[in-house]
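These notes concern the structure reproduced below.
The values are calculated or read from the model by the stated rules, or taken from the named source; none is laboratory data. All values reported here derive from a predicted model rather than from experimental measurement. Backbone-built Cβ (ideal geometry, glycine too); neighbour counts: all protein chains shown.
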């Protein structure tokens, strides 16, 4: 190194070195610490707000469930009331027929009155979507529409076909309310032994 360079270096060493970075870091650290302390209450406040909102939502949902259950129950009750109201007119007709039937010496007149009440009852049920399951002898047995009450030997019909209807079945809106009670054909014992 030359003497000039040494003097320059020496001059640099004698001068105090100013370091600005630590001051900036301290300022930044102080700001961060201050922000963290200020942020803590806001995070806790936000957490409390969220807890409160969650509790309100949970309570609202429970109330919604209770209201929905009540509405479903009331709807069913109103539907049953409507059916009962429409059947009261049929009951009135039966009472009227029974009162007047004692006055008639002619059984045909009483029978006509009963027929009128029967037709009225059918029209009320039809108005509520109830229809009779139509049965024909010889059609295949269907367990979703028919209930086998008897198994009768028959050579006129195939096995597991309907011979006759014992009690009417009814459907409502495409669903079976009560299956039709039927007699079902089976092979004759003699023919079964011969075939076996």
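Only a single criterion out of (1) outside the structural domain of residue 171 (by TED's automatic domain parsing); (2) in contact with a strand residue (DSSP E or B) (Cβ under 9 Å, 6 or more places away or on another chain) is not satisfied by residue 136, namely (1). Residue count for region 115-138 under the criterion of being out of contact with any helix residue (DSSP H, G or I) (no Cβ under 6 Å at 6 or more places or on another chain) and part of a helix (DSSP H, G or I): the result is 9. Tell me yes or no: at least one residue of region 156-163 is under 35 Å from the mean Cα position of the chain (by Cα) and not assigned by TED's automatic domain parsing to the domain that holds residue 123. Taking every residue of region 156-163 in turn, none turns out to be under 35 Å from the mean Cα position of the chain (by Cα) and not assigned by TED's automatic domain parsing to the domain that holds residue 123.
Going through (1) on the phi > 0 side of the Ramachandran plot; (2) loosely packed, with under 12 Cβ neighbours inside 10 Å; (3) in contact with a strand residue (DSSP E or B) (Cβ under 8 Å, 6 or more places away or on another chain) one by one, residue 174 falls short only on (3).
If a residue must be in contact (Cβ under 8 Å) with a residue 40 or more places away in the chain and surrounded by 13 or more Cβ atoms within 10 Å (Cβ to Cβ), how many such residues does region 121-149 contain? Give the steps one after another, and end with the answer.
Within region 121-149, the subset in contact (Cβ under 8 Å) with a residue 40 or more places away in the chain is 125, 127-131, 133, 135, 141.
Then keep just the ones that are surrounded by 13 or more Cβ atoms within 10 Å (Cβ to Cβ); that gives 125, 128, 130-131, 133, 135, 141.
Residues flagged as in contact (Cβ under 8 Å) with a residue 40 or more places away in the chain and surrounded by 13 or more Cβ atoms within 10 Å (Cβ to Cβ) within region 121-149 amount to 7.
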